[in-house]
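Have a look at the structure below before the remarks.
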Amino acid sequence: MTHRIEIDSKHTAVWAMPVEGIPRLAELAETFYMFGMDGAENAHDGEAWARIWSDLMGSGDAVILYSTGSDDPEDKPVGMLGGTVGTSLVDGRGDLCESFWYVDPDHRGVGVALLAAFEQVGEYLGVSRIYMASLSGVRPKAFERLYKSRGYEATDVVYVKRLGEPKEGG
């Protein structure tokens, strides 16, 4: 069953994706990773992405929201935002950490609706903080303006080192 999340954002409908619907987002996931995460493991494999997120959703440790840009949840998804929920090491409450956020360029207004819904989910879950990330070089000024306008503050810079395959038995 798909649950609509009511938000005030120019009537853009946003839904919580049930586990069984995750494969519907595989094409968007492939586009997201090709656009901004070149070289990431399983980056262009929508089926692997769907398996990983189905497992996370099944364990209750993740949330995925999507929009079709219309009022029909069965239309083709044009935007998605997903994240993981974990226990904060600061206060023992939860943190909601964005893992991916992608909107088809022809539907950019959908992104703000997804973010608003993500924030509502965080409030519903009672988390202390929501962490949002921006890929370096992908519209940094636009994201900075958006985040600041919604009350976010820049806190960290993250560096990534890609490692090889795990060793046998490790």
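The values are calculated or read from the model by the stated rules, or taken from the named source; none is laboratory data. Only a predicted model underlies this, so the values are computations on that prediction, with no experimental measurement involved. Here Cβ is always computed from backbone atoms with ideal geometry, including for glycine, and neighbour counts include all displayed protein chains. SASA here: full protein model, heavy atoms, side chains in, ligands and nucleic acids out. Shrake-Rupley method; radii C 1.70, N 1.55, O 1.52, S 1.80 Å.
For the reader, a short list of remarks on this structure follows.
- Consider segment 138-165 and keep the residues that are under 18 Å from the mean Cα position of the chain (by Cα) and open to solvent by less than 70 Å² (accessible area, probe 1.4 Å). The one that is nearest to VAL112 (Cα to Cα) is LEU146.
A quick yes/no check of all residues on (1) open to solvent by less than 60 Å² (accessible area, probe 1.4 Å); (2) within 22 Å of GLY46 (Cα to Cα); (3) not hydroxyl-bearing (Ser, Thr, Tyr):
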{"site": "TYR66", "(1), (2), (3)": "yes, yes, no"}
{"site": "PRO73", "(1), (2), (3)": "yes, yes, yes"}
{"site": "GLY79", "(1), (2), (3)": "yes, yes, yes"}
{"site": "GLY82", "(1), (2), (3)": "yes, yes, yes"}
{"site": "GLY86", "(1), (2), (3)": "yes, no, yes"}
{"site": "GLY92", "(1), (2), (3)": "yes, no, yes"}
{"site": "TYR102", "(1), (2), (3)": "yes, yes, no"}
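- Taking the criterion of being of a type outside the set (Ser, Thr, Tyr) and at pLDDT below 90, the residues of segment 128-145 that qualify are ALA133, LEU135, GLY137, VAL138, ARG139, PRO140, LYS141, ALA142, PHE143, GLU144.
- Residue within segment 7-14 that is modelled with pLDDT of 85 or more and either touching a helix residue (DSSP H, G or I) at 6+ places or on another chain (Cβ under 9 Å) or surrounded by 18 or more Cβ atoms within 10 Å (Cβ to Cβ) (or both) present: yes
- Listed by position, the strands (runs of 3 or more DSSP E) enclosed by segment 71-148 that each have at least 2 residues that are in contact (Cβ under 8 Å) with a residue 40 or more places away in the chain, closer than 19 Å to ILE22 by Cα and among the aliphatic types (A, V, I, L, M) are 79-87.
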